[in-house]
Amino acid sequence: SILSAIKDEL
Amino acid sequence: NIFRIAGDLSHLVSIFILINTINVKKSAQGISLKTNILYAVVFVTRYVDLLYSYTSLYNTLMKIFFISSSIYTIVMLKKYSKNIQQYNDDFKIEYLIAPSFVLGLIFNHGFKFSEILWSFSLWLESVSILPQLFMLQKSGESQLLTTHYIFALGLYRALYIPNWIYRYFAEGRFDKLAITTGIIQTLVYSDFFYVYYQKVIKNIGFSLP
């Protein structure tokens, strides 16, 4: 999902 | 991708420059304690997900590093800032924390405590450098290493912007909240970047207009 994609960032 | 790696590396470099500067000079001269307290708050509130989610070893190690180095920096700054008589670090950080929290309440991915904290941390990070820039402006001049530190710190979020553009085309993914706050953060730095380019790259003295 979009959420997990961005939350793999720092 | 290359932009994100470069962004993360410049973030690491900024922290190493900062800690090294404090340790070598044994002084907190020119460094804002308030900005560094805000960064510690940003990292702790954003990375609470360390406790319940796992992305990768890289991600976990970086998060632990950012939290621990920001707390270490505060301890060192506290130790050395006692000796400074005229310490111009008087920006009212409640004016940054309170609006960031309100924005976190309004813009989030779900009205959950963890999501509100995550959003709060993004908004707060976008303006956390302001006490440092304010201090730089007041003192009128700055040590070269301090300006290198601020430059590397600003470069990190600026590099995340091409990273998000890349991810949008490569993976079809984007996040309005992260991108909006990332752009704000880069805009906050824009005046500093310009002056850094003019003065430091062209090797003249440093002062903010």
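Taken together, the values in this text are just the output of simple stated rules run on the coordinates, not laboratory data. Keep in mind the model is a prediction, meaning the values are calculated, not measured. Glycine also receives a Cβ, built like all others from the backbone with ideal geometry; neighbour counts cover every protein chain displayed.
For peptide B:53-61, compute the average count of partner chain beta-carbon atoms within 10 Å of each residue's beta-carbon. Please list the in-between numbers first.
Working: counts 3, 0, 5, 1, 0, 2, 4, 0, 0.
Mean partner-chain Cβ count within 10 Å for B:53-61: 2.
The mean of 1/r over all pairs of different alpha-carbon atoms in the stretch B:5-46, once inverted, gives a Kirkwood hydrodynamic radius of 11.4 Å.
Cα convex hull of the stretch B:47-155: mean projected area in nm², to one decimal? Present the calculation step by step, with values, prior to reporting the outcome.
Details: hull surface 34.3 nm².
Mean projected area for the stretch B:47-155: 8.6 nm², to one decimal.
State the extension gain, in nm to one decimal, for the chain segment bounded by B:Lys25 and B:Lys78, taking 0.36 nm per residue of separation less the distance between their alpha-carbons. Walk me through the numbers before you get to the answer.
Numbers: separation 53, 0.36 × 53 = 19.08 nm, distance 1.43 nm.
In short, 17.6 nm is gained.
Computed from the C-beta positions of B:Ile64 and B:Phe169, the FRET efficiency with R₀ = 30 Å rounds to 0.45. Temperature 4 °C, viscosity 1.567 mPa s: under these conditions the Stokes-Einstein estimate for the stretch B:120-176, based on its Kirkwood radius over C-alpha pairs, is 97 µm² per second. Reducing the stretch B:169-186 and the stretch B:50-67 to their Cα centroids gives an inter-centroid distance of 21 Å. Restricting the calculation to Cα atoms, the protein assembly as shown yields a radius of gyration followed by a Dmax of 17.2, 53 Å. B:Glu125 sits among other residues whose Cβ lies under 15 Å from its own Cβ, and their net charge, with Lys and Arg +1 and Asp and Glu -1, is +2. Viscosity 1.306 mPa s, temperature 10 °C: Stokes-Einstein D of chain B from its Kirkwood Cα radius, in µm² per second? Translational diffusion coefficient: 89 µm²/s. Among the helices of chain B, those built from whole DSSP H runs whose Cα atoms reach 15 Å or more along their own axis and whose mean Kyte-Doolittle hydropathy is at least 1.6 are B:94-106.
Based solely on its DSSP helices, what 222 nm [θ] is calculated for chain B when runs of n ≥ 4 H residues each add -39,500 (n - 2.57) and the sum is averaged over all residues, nearest 500 deg cm²/dmol?
When only DSSP H runs of four or more count, the value is -24500 deg cm²/dmol.
Kindly identify the stretch B:4-103 as rounded, prolate or oblate by the Cα gyration tensor criterion: order the square roots of the eigenvalues as a ≥ b ≥ c, call it rounded if a/c is under 1.5, otherwise compare a/b with b/c, prolate if a/b is larger, else oblate. The shape class here is oblate.
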